[in-house]
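Worksheet: the structure to be examined is printed underneath.
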Amino acid sequence: MEIFANHAHVFPDEVRPEGSIESLLRLMDTCGIARAVCFAPFRRQVADAGCREPNEWLVEAIADQPRLVGFACIDPVADDALDRLARAREMGLVGCKLHPAFDRFDILDQRAVDFYAAAQEIGMVLDFHTGPHWWRISDYHPLKFDEIAFARPGLCMILEHMGGRPFFEDVLAVLGNNLPINAPGNLYGGISSVLNRDYQKLWYLGIERVAEAIHILGEDMPIFGLDFPYNTVEHIRDDITQLSGLGLSREGMAKLFGGNLQRAIAGPSMTERFAAPGE
């Protein structure tokens, strides 16, 4: 089975060598991962190093890496957010990482809502961090995503970590409230950093809750992610082992390990054939 993984944060060598493009590719080779989506750094993460526009850096850094697909990283309430979004799409980036707690914005701020509308218009996937992350929860409580989904029913969103342990039920409610019945939708749950109980304890779900979420919401919902470089090779190998034992259908396993991610990137107007394990 070919694995296409989501959620790799990458950095210039001088900023974070263990998070470099080369380090990601080595991890992918070690873990048997064919392709991956990588996120540009946040502006604040590279400012002290004098790095130019992070999204432009990413485009150049992966230009000769066909195994890597790029997502921008943008604060949607910044003054230049819409310009950066349009430029990211022009450069070939197909999605955008948004982190309400890190960038400290309310996900229902009107500037953010305008950003989501612009992203939908140009077909950009929005990948949101969900779950506690050391900022006031009132800005990014997962139930607020229900308002976004109702206002922008065609917007493609990935809700990473599925809310973590404290908000797992809330994310289940939002996804279940907005996914079509017995048909693929455009909302997804990101399965990353949720299977190791001793690493990110507030995000830990365990394999039983992941299985429950897939049972409730269907095999068209989950997207496997690395959360590189914060997870080690050992973490990721263990994640793959646990997820491989879920007992999903052959098609469901293929969707979890890349098919759903490819469908999200391709957009709702395109039909993808996902190879099941062994094909």
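Values as computed for the structure displayed
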{"quantity": "Residue with peak Gaussian network fluctuation, the chain [Cα springs, cutoff 10 Å], from MET91, MET253, MET221", "calculated": "MET91"}
{"quantity": "Residue exposure sequence - GLU60, GLU160 - by fewest surrounding Cβ within 10 Å", "calculated": "GLU60, GLU160"}
{"quantity": "Two-site label geometry, ARG237 and ILE216: point separation in nm, points 7 Å out along Cα→Cβ", "calculated": "3.3 nm"}
{"quantity": "Cα-based shape type of the chain, given that a ≥ b ≥ c are square roots of the gyration tensor eigenvalues and the cut on a/c is 1.5", "calculated": "rounded"}
{"quantity": "Cα centroid of the range 134-172 to Cα centroid of the range 183-221, whole Å", "calculated": "13 Å"}
{"quantity": "Residue among ASP146, ASP220, ASP83 with the largest mean-square fluctuation in a Gaussian network model of the chain, springs linking Cα atoms under 10 Å", "calculated": "ASP83"}
{"quantity": "Student exercise, the chain dipole from Lys, Arg, Asp, Glu Cβ charges, in Debye to nearest 20", "calculated": "280 debye"}
{"quantity": "Within straight-line cross-link reach of LYS144, aspartates and glutamates at Cα separation under 13 Å, skipping those fewer than 8 residues along the same chain", "calculated": "ASP106, ASP109, ASP170"}
{"quantity": "Relative contact order [Cα under 8 Å, 6+ residues apart], the chain, whole percent", "calculated": "18 percent"}
{"quantity": "Projected label distance in nm at TRP135 and ARG44, using a 7 Å step from Cα toward the beta-carbon", "calculated": "0.7 nm"}
{"quantity": "Relative contact order computed over the range 135-266 (Cα-Cα under 8 Å; 6+ residues apart), in percent", "calculated": "22 percent"}
{"quantity": "Straight-distance crosslink candidates among aspartates and glutamates, where the alpha carbon sits under 18 Å from LYS255 and sequence neighbours closer than 8 are dropped", "calculated": "GLU2, ASP127, GLU160, GLU212, GLU219, ASP220, ASP239, GLU272, GLU279"}
{"quantity": "Given charges at Cβ of Lys, Arg, Asp, Glu: the chain dipole, positive-most of LEU243, ASN260, MET162", "calculated": "LEU243"}
{"quantity": "Label point distance in nm, ILE181-GLU251, each placed 7 Å from Cα along Cα→Cβ", "calculated": "1.9 nm"}
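The numbers here are math on the coordinates, done by the rules we state, and not lab data. Values in this document were obtained by computation on a predicted structure and should not be read as measured data. Because the Cβ atoms are built from the backbone with ideal geometry, glycine has one as well, and the counts that use them run over all protein chains shown.
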